[in-house]
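Let me begin by presenting the structure, written as structure tokens, before commenting on it.
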Amino acid sequence: VNVILLGPPGAGKGTQARMLEEKFGLIQLSTGDLLRAAVAAGTEAGREAKAVMEAGALVSDEIVLAILKDRLAEGDVKAGVILDGFPRTTAQAEALDALLSDAGQGIDAAIALVVDDEAMVGRISGRFTCGGCGEGYHDTFKVPAKSGTCDKCGSTDMTRRADDNADTVRERLKAYHVQTAPLIGYYEAQGVLRKVDAMGEIGIVAEQLAGIVGSAT
Ligand code: AP5
Ligand code: ZN
């Protein structure tokens, strides 16, 4: 199964993708994570992407597709993927359709996480991530059992993202509405769109997603 999680910054794509990964043995593919790894590694693509990401704009389709293709070539993705933060433009969606059909596959569900923009600024400004294993947390909504220590791996190395300030979040929301929201119609036309109310608690949203992914497997 191949599943796309669509939604604005803070909608819970990363949080839910990691839960689906554990539950269904799928692989989470986050172009945001891949780009941040390229920035950290100082590759040419990473150097180009850094300023764009810090401004809250979208990185070029060319760079994103190159990074995604490299990741797909690693070959551990055969059982299926949960795409988190990709595609984000119509050109990326068309490129993905071509890549999947070359591999004799398709998209089983494109799930739109429906949220209120206003609430996203609060979600994102409270977010932090474990540097050890990548688990995501929130100051209010997902607090580790022991303050400052990862529940999953015990690391105390917690980080906050450079683009998680209120001004950049507003730019990211704008980019989402202009460049990415049209994909809802794109997948509706393909008959694979599902909508989920993602304003509820993390566990409730997760149950709804598990229902959709479970019936697609
Ligand atoms: P990316 O890394 O994809 O970030 P994003 O889309 O802005 O999404 P976020 O990671 O901020 O949010 P999320 O939906 O994953 O929410 P999360 O689960 O963490 O992209 C970053 C940048 O990279 C882009 O701006 C762009 O520059 C570039 N980029 C990436 N992909 C690209 C592409 N394909 N093309 C071009 N450029 C690209 O949740 C947020 C917080 O809320 C967490 O703290 C969480 O614990 C909490 N939370 C989650 N769900 C709930 C809930 N139901 N209730 C309460 N709290 C919740
Ligand atoms: Zn951890």
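Here are the numbers for this structure:
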item	result
Burial ranking of peptide ranges 90-103, 163-176 (average Cβ count within 10 Å, highest at the top)	163-176, 90-103
Cα Rg over Rh - the chain, Kirkwood	0.93
Share of pairwise Cα separations in region 1-110, more than 15 Å, in percent	64
Stokes-Einstein diffusion coefficient of region 1-45, Kirkwood radius over Cα pairs, 10 °C, 1.306 mPa s, in µm²/s	134
Directionally averaged shadow of region 14-77, computed from the convex hull of its alpha-carbon atoms, nm²	4.7
Length-normalised contact order of region 66-185 in % [C-alpha pairs under 8 Å, at least 6 apart]	26
Anisotropy class of region 97-217 from Cα gyration tensor, a/c 1.5 cut	prolate
The chain, relative contact order in percent, only Cα pairs under 8 angstrom and at least six apart counted	31
Helix-only [θ]222 nm of the chain, DSSP H runs n ≥ 4, -39500 (n - 2.57) each, per residue, nearest 500	-14500 deg cm²/dmol
Solvent-accessible surface ranking, highest first, for 30, 147 at 1.4 angstrom	147, 30
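The values are calculated or read from the model by the stated rules, or taken from the named source; none is laboratory data. Note that this is a predicted model, so its numbers are computed, not measured. When we count neighbours, we look across all protein chains shown, and the Cβ atoms used for this are built from the backbone with ideal geometry, even at glycine. Accessible surface is based on the protein model in full, side chains and every heavy atom, while ligands, DNA and RNA are left aside. Shrake-Rupley method; radii C 1.70, N 1.55, O 1.52, S 1.80 Å.
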